Amino acid sequence: MTLAWASKASKWIILSIWTLIVVIPLIILVSVSVKSPQDLLYTTLGFPKDFMWDNFAEAWKTASLGMAFGNSILITGLSILGVVLASSFAAYPLARVKSKFISTLFLYFIAGIMVPFQLSMIPLYKLLKFLHLINTHQGVILIFIAMSIPFSIFLYTGFLKGIPKELEESALIDGCGPFRTFAVIIFPLIKPVTASVIITNSLSIWNDFLVPLLFLQEKTSRTIPMAIFTFTGQYNSSWNMIFSAILLGTLPLIITFLLLQKHFIKGLVGGAVKG
């Protein structure tokens, strides 16, 4: 009885500590975003007496967040679409065909997870300059797709290995080809891992600062992180404006997670364990 109580108590303590670690930064984010510059001089923690709701409107206007939202939604949306299609199609034969070549090819894809972007950014810049894709959304989208494919293939392959082959054999008997089998039967079954791919990659692409900084140099092409960066200065930064812009910029990610949360954990665990 004592051991069971101690085990339960330790779990609650760990969960409580983790909750504080997650919640406290969110409280600071909200509190700073509604403060005036004068309030920031006296206190960082805690909410002010007078809430400066105008900070959000000022941040939206000053940093041109409307245009930045449009750019980020376009880049993230098309990148995720490309990642889901390319990764799921590539993972299907990797999960079904058993041969040394396929195993080697799978390891080749997975090795991409360990290659940091900083290692390849100069060759990529030269390549995009040669293709005349600097300062274009297409160039950045292609880079994000390439960066996101390795981990996505890992998740898809692991999940696909857990789907019985009898489903495909039955479809083959009914006259379905491999492409129709994948589109009609297999793809609907991988919704959980697709939700995980969408959430994890949306988070990284939406928040990425270095790729747009290098390849989108025009003001009209700014994404959300680049727009937020405009509030920073060499000697002084408008922290209340920065936090207001960050809070506005996280809303699409929160909405995406809430819409897909029931599939997220199931797909992430299934893709990692079965692989």
For this session: Mind checking the full-extension length gain between PHE89 and LEU189? Use 0.36 nm per residue of separation minus the Cα-Cα distance, one decimal, nm.
Result: 34.6 nm
Problem set entry | Span-like helix ranges in the chain, DSSP H, alpha carbon extent 20 angstrom or more, Kyte mean at least 1.6 | 2-33, 137-160
For this session: Taking every Cα atom in region 43-131, find the radius of gyration and the maximum pairwise distance Dmax, and write them in Å.
Result: 22.2, 67
Problem set entry | Where only alpha carbons of the chain are counted, the Rg and the Dmax (Å) | 22.9, 74
For this session: Write out the trypsin sites (Lys or Arg not before Pro) in region 1-75 meeting two conditions: DSSP loop, and at most 15 other Cβ atoms within 10 Å of their Cβ.
Result: LYS49
For this session: Can you tell me the FRET efficiency between SER64 and MET121 if r is taken as the Cβ-Cβ distance and R0 is 30 Å, rounded to the nearest 0.05?
Result: 0.70
Seminar exercise, completed: Length gained if LEU251 through ILE14 is fully extended, taking 0.36 nm per residue and subtracting the Cα-Cα distance, is 82.5 nm
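The numbers here are math on the coordinates, done by the rules we state, and not lab data. Bear in mind the structure is a predicted one, so any value in this text is a computation, not a measurement. Positions of Cβ are generated from backbone atoms using ideal geometry, with glycine treated the same way; all protein chains shown enter the neighbour counts.
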